[in-house]
1. Just the residues that are in a helix (DSSP H, G or I), free of Cβ contacts under 8 Å to residues at least 40 places away in the same chain and β-branched (Val, Ile, Thr), please, taken from the range 20-52.
2. Quick one: in the range 216-241, which of the residues that are within 20 Å of VAL172 (Cβ to Cβ) and of a type in the set (S, T, N, Q) is surrounded by the fewest Cβ atoms within 10 Å (Cβ to Cβ)?
3. If only one of ALA118, ALA144 is in a loop (DSSP other than H, G, I, E, B), modelled with pLDDT of 95 or more and buried (at least 24 other Cβ atoms within 10 Å of the Cβ), which one is it?
4. On the basis of being crowded, with 24+ Cβ neighbours inside 10 Å and more than 19 Å from THR135 (Cβ to Cβ), does VAL213 make the cut?
5. Are any of the residues in the range 92-112 in contact with a Phe, Trp or Tyr (Cβ under 7 Å, 6 or more places away or on another chain) and modelled with pLDDT of 95 or more?
6. Test of understanding: among LYS306, LYS335, which residue is in a helix (DSSP H, G or I) and either basic (Lys, Arg) or free of Cβ contacts under 8 Å to residues at least 24 places away in the same chain (or both)?
7. Considering every residue within the range 281-289, establish whether at least one is surrounded by fewer than 21 Cβ atoms within 10 Å (Cβ to Cβ), under 18 Å from THR224 (Cβ atoms) and out of contact with any Ser or Thr (no Cβ under 6 Å at 6 or more places or on another chain).
8. In the range 2-20, which residues are over 22 Å from the mean Cα position of the chain (by Cα), of a type outside the set (A, V, I, L, M, F, W, C) and modelled with pLDDT of 75 or more?
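The values are calculated or read from the model by the stated rules, or taken from the named source; none is laboratory data. Since the structure is predicted, the reported quantities are computational estimates derived from the model, not experimental observations. In this analysis, Cβ positions are derived from the backbone assuming ideal geometry, glycine residues included, and neighbour counts consider all displayed protein chains.
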Amino acid sequence: MGRYSVPGFLRDQFTTLPPIEALSKDLTGKTIIVTGANVGLGLEAARHFASMNPGRLILGCRSAKSAEEAVKDIQTTTGCKTVVFWPLDLSSFKSVTDFVDRFEREGGGRLDILVQNAGIARREYVQTEDGYESTLETNHLSSALLTILLLPILSKTESRVVVVSSELHLFVKNLEEAKSPQIIAKLSDKAHCTPSVMRQRYNVSKALNVFFVKALAAHLPPDTLITVDAVTPGFCHSKLTREAKGVVGVLVAILKALIARTTEAGSRNLVYAALSGTQAEMQGKYLNKCQVYEESDYILSAEGQKIQDRLWDETISILSEKDSRVRSVTAEILKAA
């Protein structure tokens, strides 16, 4: 069952993943977007895609300097000349809509793979320019906005949407904010976001990722060409924990030294989620260790289904106010629950 256990976590960490050669596909003529691809898991996943001769590989990143360095690094190590950097900051709805606008103009009319890897892990409350708690907006709301706005293009070809979640979603056994009339508003309320609440915020955001993937899959019509899944890379030597400080920072450093996967190994999970399996096998699934895995018991419960439906409705309502295209996309591309 989908429960967290230390022995299970350790078994997962020391499981040998398939070599990238076993996951490789010919990506000639295909367009791929990887968000947060300037460092860590996103960079290594992008490097793997670059080695498969993509028609275009777009790195959607917040930091121009490190993203341009990533482009040069990928070009040098793979010989790929079709990799480019486009600015994308998921803490800003405007940045997301600007990115989509550019893709509609310059994307060539097709998108085959969207890997939603960008994310942050903060333990303190920071409000974005849009008025939302930063982890909530970055990891869930903006990620959802990007996916939904790109659905019309994704629907033109057999495509894959990969949302990078985490096994830490298993720690979320009850979403306390569901007691409020509006879950997302409560999650973003500064008075509610006490230190104890924020300690769990990353885990909650990763649960929201799984809820979103399952909800999106449920709303896609039977004849859709789009496959969507969620994946955990496992505990890796990534940059995600760079803001960890004090005792937490020390503990993270020790754990990394003892049990963390290399960033390259962890990125194979992302590549597997993007390239492997059939739609029937992968639609709406959660993946771990390059295989379909079970979500948390909470997400799979009857209560979890109710939370999933509420989060979907709230997310669509919020995003519709940010971009009018959301309503038209959901009406034209998706089906009613």
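1. none
2. Applying the filter and picking the extreme gives THR241.
3. Testing whether each residue is in a loop (DSSP other than H, G, I, E, B), modelled with pLDDT of 95 or more and buried (at least 24 other Cβ atoms within 10 Å of the Cβ) leaves just ALA118.
4. Values: crowded, with 24+ Cβ neighbours inside 10 Å: yes; more than 19 Å from THR135 (Cβ to Cβ): no.
Judged against the criteria, VAL213 is not a match.
5. Of all residues in the range 92-112, those in contact with a Phe, Trp or Tyr (Cβ under 7 Å, 6 or more places away or on another chain) come to 99, 102.
Among the residues that remain, those that are also modelled with pLDDT of 95 or more are: 99, 102.
Within the range 92-112, one or more residues are in contact with a Phe, Trp or Tyr (Cβ under 7 Å, 6 or more places away or on another chain) and modelled with pLDDT of 95 or more.
6. The match here is LYS306.
7. Looking through the range 281-289, at least one residue is surrounded by fewer than 21 Cβ atoms within 10 Å (Cβ to Cβ), under 18 Å from THR224 (Cβ atoms) and out of contact with any Ser or Thr (no Cβ under 6 Å at 6 or more places or on another chain).
8. PRO7, GLY8, ARG11, THR15, THR16, PRO19
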